[in-house]
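Beneath this line is the structure, given in C-alpha cells, with notes to follow.
The values are calculated or read from the model by the stated rules, or taken from the named source; none is laboratory data. Small disclaimer: the values here were computed from a predicted structure and weren't measured. Note: ideal-geometry Cβ built from the backbone for every residue, glycine included; neighbour counts use all protein chains shown.
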Amino acid sequence: MNKKIAVLAGDGIGPEVTKQAIKVLDAIGKKFGHQFEYTDAPVGATAIDQTGNPLPKETLDLCLASDAILFGAIGHPKYDNDPNAKVRPEQGLLALRKELGLFANIRPVSAYDNLLHLSPLQKDRIKGVDILILRELTGGIYFGDKGRENDGTTAFDVCKYHEFEIERIAKLAFEYARQRRKKVTLVDKANVLETSRLWRDKVSKMAADYPDIELDFMFVDNAAMQLIQYPSHFDVMLTSNMFGDILSDEASVIAGSMGLLPSASIGVHTSMFEPIHGSYPQAAGKDVANPMAAILSAAMMLDALELTEEGNVIRKAVKEVLEAGIGTEELKPEKVCGCEEIGDLIAAKI
Ligand code: IPM
Ligand code: MG
C-alpha cells in the first residue's frame with residue numbers, strides 16, 4: 001500500500017516526537033511492505049515565524065491532497081502571555097480543523113497495568129479503565145461569534161450548535177460503543193444551556209436506532225467528579241467542543257502521563273492524528289519528551305487507513321517497552337531513555 005502523509009510537526013517538542021512516529025511507521029512499512037511518502041509543512045508558531053500565517057495555504061493544500069496528516073504540537077509562550085497578540089499559533093490548528101471538517105476528535109484513555117502507580121488516583125479505581133472520549137471539534141463556543149463591545153470592556157463568545165453537527169458525531173459515538181462495552185454517556189450542561197438541551201433531544205431520539213446501546217446523561221460538573229472517582233463507569237463519553245477539551249485533559253491523569261495519549265480527528269476531508277499533549281517548549285530539543293503519544297497516534301492513523309493489524313503491532317511494541325520498565329523520565333521507569341532511544345526501541349521491536 002502506498003500512502004501520502006502530510007507531516008505538520010509544529011512547535012516545541014512536536015518535531016522530535018513526530019520524528020519517532022515516522023521512524024516507527026517506517027519499521028511498519030518495511031515489515032508489511034507499505035510505502036509511506038512524507039511531506040513536511042509548517043504550522044503554528046513555526047509557520048508564523050516563516051510566513052506570518054499559522055496555517056499557510058500551501059500547508060492546507062498539502063493536507064487536502066494527502067491520505068492522512070501526522071500532527072506534532074503547536075504553541076509558544078511568547079503568544080500565551082500576550083492577550084493582544086494579533087495572530088496565535090492555536091489559530092492554525094483551529095483553522096485546520098474547520099477547513100478539513102474534522103468534526104470528531106477521538107481520544108482513547110486507558111491505564112497500563114504497570115503504570116498505575118504514576119497516577120495520583122487510587123490504583124483500584126483506575127485498573128482496567130478504558131474510556132473513549134468523543135469530542136465535537138468544529139462547532140460550539142470555539143467557533144461561534146466572538147468579539148468585544150463597549151470600547152473593549154465587554155467580551156462575548158457565542159456557543160451555537162446545529163442539529164446536523166450533533167447528529168454526525170452522535171452517530172459515531174453509538175457506532176464506537178457497539179464495538180466496545182455498549183454504553184454512551186452524553187456529557188452536557190442541560191440544566192442551564194439551551195445547546196445542551198438540543199444535544200439531549202437529538203441524541204435521545206437517535207438512541208431508538210441503537211437499542212443495544214445504553215444511553216446515559218450526565219452534567220459536566222458531575223462528570224468531572226465521576227471521571228476521577230469512578231472512571232471505570234465510563235465507556236464512550238460524548239461531548240461538545242469545550243467540555244471535551246477540559247475533560248480529556250482531566251482524563252489523562254488516569255493514564256499517569258499526557259505523554260501516553262494519542263488522538264484522531266476525523267471528518268469530511270483528510271483525517272489528522274496527534275498526541276494530546278502540547279508543545280512543552282521547556283523540553284524542546286532536550287531529547288526528554290515522551291514520543292509514545294505521537295507513536296500511538298500513528299497507530300490510530302493506520303487503523304483509519306484500514307491497516308488494523310499494523311496498528312496493533314505498534315500498540316503491542318509500545319506496551320512491551322513499557323512492561324520492560326523502560327520509558328522517558330516522567331514515567332519514572334527502571335530505565336530512563338531519551339525520546340530518540342524510545343523511538344529506536346519501539347521500531348526495533350517491530
Ligand atoms: C486540544 C488543545 C487545543 C484545543 C488548543 C491548542 C487550541 O487544547 O487539542 O485539546 O483547545 O482544542
Ligand atoms: Mg486541550
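Looking across segment 38-74 at every residue that is small (Gly, Ala, Ser) and within 15 Å of ALA95 (Cβ to Cβ), the one that is surrounded by the fewest Cβ atoms within 10 Å (Cβ to Cβ) is identified as GLY52.
The set of residues in segment 182-209 that are assigned to a loop (DSSP other than H, G, I, E, B) and within 26 Å of the chain's Cα centre (by Cα) comprises LYS182, LYS189, ALA190, LEU193.
Quick grid of which residues meet (1) assigned by TED's automatic domain parsing to the domain that holds GLY338; (2) assigned to a helix (DSSP H, G or I); (3) touching a Lys or Arg at 6+ places or on another chain (Cβ under 9 Å); (4) within 16 Å of GLY278 (Cβ to Cβ):
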position	(1), (2), (3), (4)
ALA9	yes, no, yes, yes
ALA21	yes, yes, no, no
ASP26	yes, yes, no, no
PHE36	yes, no, yes, no
ASP49	yes, yes, no, no
LEU60	yes, yes, no, no
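Number of residues in segment 245-287 that are surrounded by fewer than 21 Cβ atoms within 10 Å (Cβ to Cβ), assigned to a loop (DSSP other than H, G, I, E, B) and more than 14 Å from ligand 2 (Cβ to nearest atom): the value is 7. Being among the acidic types (Asp, Glu) and within 16 Å of ligand 2 (Cβ to nearest atom) is the filter; apply it to segment 73-120 and report the residue that is modelled with the lowest pLDDT. Among those residues, the one meeting the criterion is ASP80. Could you please find all residues in segment 253-294 being closer than 21 Å to ILE126 by Cβ, over 11 Å from the mean Cα position of the chain (by Cα) and of a type in the set (S, T, N, Q)? Across segment 253-294, the qualifying residues are SER257, ASN290.
ILE314 satisfies every condition listed in (1) in a loop (DSSP other than H, G, I, E, B); (2) touching a residue at least 24 places away in the same chain (Cβ under 8 Å); (3) more than 16 Å from ligand 1 (Cβ to nearest atom) except (1).
Matching residues to (1) under 17 Å from TYR280 (Cβ atoms); (2) modelled with pLDDT of 95 or more:
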| site | (1), (2) |
| --- | --- |
| MET1 | no, no |
| GLY10 | yes, yes |
| PRO15 | yes, yes |
| PHE32 | no, yes |
| GLN35 | no, yes |
| VAL43 | yes, yes |
| GLY52 | no, no |
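So which residues in segment 132-161 are small (Gly, Ala, Ser) and either within 16 Å of ligand 1 (Cβ to nearest atom) or under 20 Å from GLU99 (Cα atoms) (or both), if there are any at all? Matches in segment 132-161: GLY139, GLY140, GLY144.
Filtered by the rule that a residue be assigned by TED's automatic domain parsing to the domain that holds HIS233, assigned to a strand (DSSP E or B) and touching a strand residue (DSSP E or B) at 6+ places or on another chain (Cβ under 6 Å), segment 108-146 gives ASP130, ILE131, LEU132, ILE133, LEU134, ARG135, LYS146. Restricting segment 62-102 to residues that are assigned to a loop (DSSP other than H, G, I, E, B) and more than 30 Å from GLY152 (Cβ to Cβ) leaves a set whose member that is nearest to the chain's Cα centre (by Cα) is LEU102. How many residues does segment 210-244 hold that are of a type outside the set (Asp, Glu) and part of a loop (DSSP other than H, G, I, E, B)? Going through segment 210-244 one residue at a time, the tally reaches 6. Scan segment 159-171 for residues that are surrounded by fewer than 19 Cβ atoms within 10 Å (Cβ to Cβ) and either under 15 Å from PRO108 (Cα atoms) or of a type in the set (D, E, K, R) (or both) and the total you get is 5.
If the condition is being surrounded by 24 or more Cβ atoms within 10 Å (Cβ to Cβ) and more than 15 Å from ligand 1 (Cβ to nearest atom), then segment 232-244 contributes PHE234, VAL236, LEU238. Return yes or no: is ILE141 touching a helix residue (DSSP H, G or I) at 6+ places or on another chain (Cβ under 6 Å), closer than 25 Å to ASP221 by Cβ, in contact (Cβ under 8 Å) with a residue 40 or more places away in the chain and more than 16 Å from ligand 2 (Cβ to nearest atom)? Criteria not met by ILE141.
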